[in-house]
Amino acid sequence: MPLTPIPPTEMPPAPRKQPWLVQLGDLLLMELTNWRWSWRMLVITSTITPLLSMVALGLFARNAGQEALGYILTGNVVLALMFGMMEKVQSRFSFMRVMGTLDYFATLPITRFTLILAMVLSFLLLSLPSLIVTIGVGALVLALPLQISPLLIAAVPLCAVPLSGIGALIAANARTPEESNALTLLATFVLLGLGPVIFPASRLPGFVLVLGHFSPATYAASALRQTLLGPVTGELALDLAVLAGVSVLIFWLVGRKMQWRQR
């Protein structure tokens, strides 16, 4: 028996897009809900590596002066952001590609940029306990007086977003989750080694300092040093501007590379 076509007036209406902030809030809650049973382990794994690194480097640099200890503290805060943001965003994005989760999100009236931003914000919230513990314990272990600036509130997100964007960009281009994990680990070591992140500029060769100008980790470490240890100088504005520009560029690249339906 032939099927009777549905008149155009009886077709179901197309999904109506909600305001952008409503989309972002709903997606953020969805992402946070994924970790409601495992967030404690995420916090622990994001904290252990930076703390162990800080203690080990602090023992060797105990007599190196306050400047070297300050670099160790802020460099390991950057490391905490990498394990809490870059690695986790990469892992989540790779999982969504393999499991077909992006196919589901493609059916929703949302934009790709909103989904990526919600993912980054969720891991930023989950990384805050790790950052607080790393800063507090690190300051005690290294005997460093903190001079926290209110600008730290702006510096932390601007430091975290480009690093997590690198994780998303790796996941969007890698062929397999295993390849994505390996590339993220390699990127972590490269970003930490390029420029004055963990070690002062006076102890690094010239070519490393030159290459460090192309690494967002360099500007993130500089911004954190100024807002955590002081003094805040005009260099902070440059650091935050570079981090904001890198964030826009990386997420534009991720948005272009990201395909809703994976083949």
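Which of the residues spanning the range 90-121 are under 16 Å from Trp20 (Cβ atoms) and small (Gly, Ala, Ser)?
Ala118
Got a number for residues in the range 127-155 being over 16 Å from Pro50 (Cα atoms) and crowded, with 19+ Cβ neighbours inside 10 Å? Even if it seems obvious, please write down each step before you answer.
Kept after step one, since they are over 16 Å from Pro50 (Cα atoms), are these residues of the range 127-155: 143-155.
Next cut, crowded, with 19+ Cβ neighbours inside 10 Å only: 144, 155.
Within the range 127-155, residues that are over 16 Å from Pro50 (Cα atoms) and crowded, with 19+ Cβ neighbours inside 10 Å number 2.
Restricting attention to the range 18-36, which residues are hydrophobic (A, V, I, L, M, F, W, C), under 20 Å from Gln90 (Cα atoms) and either without any contact (Cβ under 8 Å) to a residue 60 or more places away in the chain or in contact with a strand residue (DSSP E or B) (Cβ under 6 Å, 6 or more places away or on another chain) (or both)? Working first, answer last.
First, pick out the residues of the range 18-36 that are hydrophobic (A, V, I, L, M, F, W, C): 20-22, 24, 27-30, 32, 35.
Next cut, under 20 Å from Gln90 (Cα atoms) only: 24, 27-30, 32, 35.
Once the filter is applied, which keeps residues that are hydrophobic (A, V, I, L, M, F, W, C), under 20 Å from Gln90 (Cα atoms) and either without any contact (Cβ under 8 Å) to a residue 60 or more places away in the chain or in contact with a strand residue (DSSP E or B) (Cβ under 6 Å, 6 or more places away or on another chain) (or both), the range 18-36 yields only Leu29.
Which residue pairs have Cβ atoms closer than 7 Å, lie 6 or more positions apart in sequence or on different chains, and pair a first residue in the range 123-152 that is in contact (Cβ under 8 Å) with a residue 40 or more places away in the chain with a second residue that is part of a loop (DSSP other than H, G, I, E, B) and buried (at least 19 other Cβ atoms within 10 Å of the Cβ)?
Pairs found: Leu144/Leu229; Leu146/Leu229; Gln147/Leu229.
The numbers here are math on the coordinates, done by the rules we state, and not lab data. Model, not experiment: these values are computed from the prediction. Note that each Cβ is placed from the backbone with ideal geometry, even for glycine, and that neighbours are counted across all protein chains shown.
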